[in-house]
1. For residues in segment 164-181 being more than 15 Å from Thr210 (Cβ to Cβ) and touching a strand residue (DSSP E or B) at 6+ places or on another chain (Cβ under 9 Å), which is surrounded by the fewest Cβ atoms within 10 Å (Cβ to Cβ)?
2. Could you grab me the full set of residues in segment 252-293 that are in a loop (DSSP other than H, G, I, E, B) and under 16 Å from Thr221 (Cα atoms)?
3. I'm told Glu342 meets every condition in (1) under 21 Å from Gln91 (Cα atoms); (2) charged (D, E, K, R); (3) touching a residue at least 60 places away in the same chain (Cβ under 8 Å) except one. Can you identify the failing condition by its number?
4. Identify all residues within segment 194-228 that are within 18 Å of the chain's Cα centre (by Cα) and among the small types (Gly, Ala, Ser); write none if there are none.
5. Test each condition in (1) in contact (Cβ under 8 Å) with a residue 40 or more places away in the chain; (2) closer than 16 Å to Val242 by Cβ; (3) among the small types (Gly, Ala, Ser); (4) surrounded by fewer than 19 Cβ atoms within 10 Å (Cβ to Cβ) for Ala286 and report the one that comes out false.
6. Among the numbered criteria (1) in a loop (DSSP other than H, G, I, E, B); (2) surrounded by fewer than 17 Cβ atoms within 10 Å (Cβ to Cβ), which one does Gln299 miss?
7. How many of the residues in segment 135-193 are within 18 Å of the chain's Cα centre (by Cα), touching a residue at least 12 places away in the same chain (Cβ under 8 Å) and not in a loop (DSSP other than H, G, I, E, B)?
8. Does Leu97 satisfy being hydrophobic (A, V, I, L, M, F, W, C), more than 28 Å from His319 (Cα to Cα) and assigned to a helix (DSSP H, G or I)?
Amino acid sequence: MSRVQGDQVGQREQETGKPGLGAGGEGGEVDDRGPGQLGVPAGGRRAGAGGGGGTAQQPGEALLGQDLPDPGAVERGSPGAQPGADLMHRQALAAQLELLAAGASVRALTRDPESAGLPAAVETVEAAFGGGQSLEPLLDGADALWLNPAAVPGGTATELVRAAAAAGVKRVVLLSAAPITDTAADEENPILRWHAAIERAIRDSGLDWTFVRSTAFAANTLMWAEQIRHSDTVSWPYANAVGALVHEKDIAAVATAVLLDQDGTHRSAAYVITGSEALSRAEQLATIGRAIGRSLHYQEVPPEVALEQMTSTGLPREHAQGALKVVAATVGCQPDITPDVERVTGRPALTFTQWVADHVADFAA
């Protein structure tokens, strides 16, 4: 049985401006005041199977979870934004369910097991992240670590990498950001600089690694949910910003295939995962409207308005500016659609229409 230790957090709308960029746009800042979850494998280390299509040939033992930040906005300060903690929980849950379906056992490390709301099949263990607790014992017996750095406070991401190496973990799989170029240009944006630094720490750790560089998350559109429930207008910048939004089920499927890989197929790979279709924000909103049977209007506001809203919640101005800059660069541009979801999982990436169909209840009045 292969054991995967996972630290999964949710990504946030890239306009927030920090970790959680989710490859391609606005990323939410980590706020470590709220309850958190981090996955860890249960039981003893066993030989596992698993592999490229996300299907385990034998049961695997996986550690998968998340450290949930404060329930802040998906895009901090956006009108009616969905709580960031809820977004991260949804993404972690998708990965946990995918691992369980592949036959893996999952242990989640969480600050509050009673309120974690995880599947019954997931073993939950209390952990105090960023509180001086040694992380190495929490990773004991794990074969792999699933690390979503936006889910953990402060410098805990690199601390987890060091602890994983010391605990004998074999590989780390990082949820990172698609805009990373592996050049000096990454240093010019605080979000990309943050992700790139974690990638370097992983490369230097001596662990086998795989980077899952995701473009913007489809779940980022949950930031509009409250506005949609109360009116037919969504107000936010960049109506013509274009993205190939990623369904959390695709992230989960790719992560599972890589975490349970037993033959090195995915070693030292940096996958860029995208959705299967490129849509502007106005088109994304129209797709939601069709699903709920309403005509919705995207009212574009100046980015300065969003910047003030984002910083008013405590998001550092530099991070907010960096996030908005990433999104602004996508206005009127057609993003690349990569084959990496299908390459890893054996099936095409899901469409935004499919994502909306899975989340109609979130937007319904």
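The values are calculated or read from the model by the stated rules, or taken from the named source; none is laboratory data. Quantities reported herein were computed from a predicted structural model and do not represent experimental measurements. Cβ atoms come from the backbone with ideal geometry, glycine included; neighbour counts cover every protein chain shown.
1. Ala167
2. Listed by number, the residues that qualify are Thr274, Gly275, Glu277, Ala278.
3. Here Glu342 meets the rest and fails (3).
4. Ala196, Ala197, Ser214, Ala216, Ala218, Ala219
5. Of everything listed in (1) in contact (Cβ under 8 Å) with a residue 40 or more places away in the chain; (2) closer than 16 Å to Val242 by Cβ; (3) among the small types (Gly, Ala, Ser); (4) surrounded by fewer than 19 Cβ atoms within 10 Å (Cβ to Cβ), Ala286 misses just condition (1).
6. Just one mismatch for Gln299, condition (1).
7. Result for segment 135-193: 21.
8. Taking the combined requirement at face value, the residue satisfies it.
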